[in-house]
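As structure tokens, the structure follows; a few thoughts come after it.
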Amino acid sequence: MVKATTHTVIRGGRMIDPGKRQAVAADILIKGDTIAAIGRPKMAAPQDATMIDAQGRLLHAGLINAHMHSHGGLARGLGDRWTLELLLTAGPWLGGGRTVRDKYLSALLVACEMLLKGCTATYDLMAEFPTPSVDGIDAVARAYSDAGLRAVLAPMTADISFFDAIPGLMDRLPPALRREAEAFRLAPYRASIRQMKKILHGWSYDRALVRPAVAPTIPHHCSDPFLAACRDLARDYGVGMHTHVSESKVQVIAGYQRYGTSLTRHLDTLGIVGPDFTVAHGVWLDHDDMQLLGDKGASVAHNPGSNMRLGSGLADMRGMLERKVNVGIGTDGASCADNQNMYEAMRLASFASKVQGPDIERWITTDEALHAATVGSARALGFGDDIGRLAPGCKADIVFLELAHPNWMPCNDPVNALVHAEDGTAVHSVMVGGRMVVENRKLLTVDLATLAREVDAVRERLQRATRPAKAVCDRLEKVVGAFCPGLARQPLHIHRYGANHAH
Ligand SMILES: [Zn+2]
């Protein structure tokens, strides 16, 4: 942490002004972890201020990842042709056999990647089986703290397994395989709530850097009493709540079959939808769902890369913005993204809107994509206006780009270039809360060579340890890979209206 009385002044750089779409020459004065003033070049600064030379650099507010999973770090690149349902089937293989140290390493390596790629804060929905643990979340919190990345940590919890959550799926499994799937059944929800309470109660990390939240994984993977208990926990401890809603068409159908209404409306009847609530994905939200989220001040974490990678579909970001939904942008986990590159996520948010129809006024502009990946994500994380902008009073989370880099030759419209041309390779330095964590392309907080050696050894161990789980997943994959696409091929209106209208 930077001492509250320490002064730093960044001189000679150019700063992206998103409103004017210009790169303006400006000096930035920082006191402690916060921007104190932004002024003309050579502005006055206290004598004892540390000077950072930003000649030839373009400064922008650190990008904020609104949705990812740190446990995905060690599972990066393990799969290819996966739908969301096949990814969930592979879960016990991908995340199996993990020690507390592995959880730390998995988070550390994605934290390093995000920092090196200009991201300064993240919303992490980490998973542990069968319940979250104090040691597990502590390891992940320590990883972020060690790396120097801001994070909201929401342990994912559920009390209904994937195979029980999709109506008809368990019955489709041959008896031997059904017994295997039954082993994935989760702990009763009270055990998870007890653990969550312990975690929330004993939180010892500085909440300005690492704070907790609550994440029932997927609504229909949680019983209603469990969802209500999560809602109460979030309210009692004043933390955010985040869940995957309408990510895939199969989820939407399962929701209609279970509740007779949309997942969003069901969550609203439980009193969950509000300003501290974030929907992950929302690819299949209907306009009423979006209106409800917008009216209640809720957020959506839009993950276009993951949605394409898993074939989930293209989310309607314009429809969300029109209905005043706060939209943030995320990468999703490394097991389904696979990189953690927020520049790419912004670029895909722009592109995903542009392939949905010929009406260009419905396309997402580059300043809307940048706004979502900074201000929108900040709100989704529960940081309000503290991060996501370069302005007095905001935390000094600043990315320094190399202007003498091909990405920036020439520097025409800097917002267009940031969203459409930058890919993270021009990141020169990164500051989080007034402290340099990346300088001249080198991570100052973590020794990457040591991390690489340890991760490699872990990879070999996990590959051996999860071999039996992989064999089971391979067999389950055949059934899920036939059953779920069958559901997804059904027209949605049969389910939407079938629940309420007698045949
Ligand atoms: Zn996710």
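The values are calculated or read from the model by the stated rules, or taken from the named source; none is laboratory data. Computed from a predicted model, the values in this text were never measured in an experiment. Glycine gets a Cβ as well: all are built from the backbone with ideal geometry, and neighbour counts include every protein chain shown. For the accessible areas, the whole protein counts, side chains as well, though only heavy atoms, and no ligand, DNA or RNA atoms are used. Shrake-Rupley method; radii C 1.70, N 1.55, O 1.52, S 1.80 Å.
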**OP:** Kindly establish whether T99 is among the β-branched types (V, I, T), modelled with pLDDT of 95 or more, open to solvent by 30 Å² or more (accessible area, probe 1.4 Å) and within 16 Å of the ligand (Cβ to nearest atom).
**Re:** no
Subject >> Within the range 303-322, considering residues that are closer than 21 Å to T374 by Cα and within 12 Å of the ligand (Cβ to nearest atom), the one most open to solvent (accessible area, probe 1.4 Å) >> reply: G305
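Matching residues to (1) touching a Phe, Trp or Tyr at 6+ places or on another chain (Cβ under 6 Å); (2) within 16 Å of the ligand (Cβ to nearest atom); (3) open to solvent by 10 Å² or more (accessible area, probe 1.4 Å); (4) outside any loop (DSSP other than H, G, I, E, B):
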| residue | (1), (2), (3), (4) |
| --- | --- |
| P225 | no, no, yes, yes |
| R231 | no, no, yes, yes |
| Q251 | no, yes, no, yes |
| A254 | no, no, no, yes |
| T261 | no, no, yes, no |
Original post:
Of all residues in the range 184-213, which are open to solvent by less than 70 Å² (accessible area, probe 1.4 Å) and either closer than 17 Å to V472 by Cα or without any contact (Cβ under 8 Å) to a residue 40 or more places away in the chain (or both)?
Top reply: F184, L200, W203
Original post:
In this structure, does I16 turn out to be more than 16 Å from the ligand (Cβ to nearest atom), in contact with a Pro (Cβ under 7 Å, 6 or more places away or on another chain), open to solvent by 50 Å² or more (accessible area, probe 1.4 Å) and modelled with pLDDT of 95 or more?
Top reply: no
Subject >> Candidates Y123, Y104 - the one that is in contact with a helix residue (DSSP H, G or I) (Cβ under 6 Å, 6 or more places away or on another chain), open to solvent by less than 10 Å² (accessible area, probe 1.4 Å) and at pLDDT 95 or above >> reply: Y123
**OP:** Run R461 past the list (1) assigned to a loop (DSSP other than H, G, I, E, B); (2) in contact (Cβ under 8 Å) with a residue 60 or more places away in the chain; (3) open to solvent by 60 Å² or more (accessible area, probe 1.4 Å) and report the number of the one that doesn't hold.
**Re:** (1)
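So that you can scan it fast, the table gives a plain yes or no per residue for (1) hydrophobic (A, V, I, L, M, F, W, C); (2) modelled with pLDDT of 95 or more; (3) in a loop (DSSP other than H, G, I, E, B); (4) more than 19 Å from M114 (Cα to Cα):
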| position | (1), (2), (3), (4) |
| --- | --- |
| D386 | no, yes, yes, yes |
| A391 | yes, yes, yes, yes |
| F400 | yes, yes, no, no |
| A404 | yes, yes, yes, yes |
| V415 | yes, yes, no, yes |
| E422 | no, yes, yes, no |
| M436 | yes, yes, no, no |
**OP:** Considering (1) farther than 27 Å from T89 by Cβ; (2) in contact (Cβ under 8 Å) with a residue 12 or more places away in the chain; (3) open to solvent by 10 Å² or more (accessible area, probe 1.4 Å), say which one H266 fails and leave the rest.
**Re:** (1)
Subject >> Candidates T374, T331, filtered to the one that is touching a residue at least 60 places away in the same chain (Cβ under 8 Å), under 30 Å from K20 (Cβ atoms), of a type in the set (S, T, Y) and within 16 Å of the ligand (Cβ to nearest atom) >> reply: T331
Subject >> Of the criteria (1) within 16 Å of the ligand (Cβ to nearest atom); (2) open to solvent by 10 Å² or more (accessible area, probe 1.4 Å), which one R235 fails >> reply: (1)
Original post:
Do we have any residue at all in the range 380-395 that's small (G, A, S) and over 24 Å from D33 (Cα atoms)?
Top reply: no
**OP:** Taking the residues in the range 334-371 that are free of Cβ contacts under 8 Å to residues at least 60 places away in the same chain and not in a helix (DSSP H, G or I) as candidates, determine which candidate is surrounded by the most Cβ atoms within 10 Å (Cβ to Cβ).
**Re:** I364
Subject >> The one condition in (1) away from the ligand (no atom under 16 Å from the Cβ); (2) closer than 30 Å to D456 by Cβ; (3) of a type outside the set (K, R); (4) in contact with a Ser or Thr (Cβ under 9 Å, 6 or more places away or on another chain) that D80 fails to fulfil >> reply: (4)
**OP:** Among residues belonging to the range 293-302 that are more than 13 Å from the ligand (Cβ to nearest atom) and not polar (S, T, N, Q), point out the one that is surrounded by the most Cβ atoms within 10 Å (Cβ to Cβ).
**Re:** L293
Subject >> Checking Q356 against (1) under 14 Å from the mean Cα position of the chain (by Cα); (2) over 22 Å from L78 (Cα atoms), the condition it does not meet >> reply: (1)
Original post:
Right, G328: open to solvent by less than 10 Å² (accessible area, probe 1.4 Å), part of a strand (DSSP E or B) and not charged (D, E, K, R) or not?
Top reply: yes
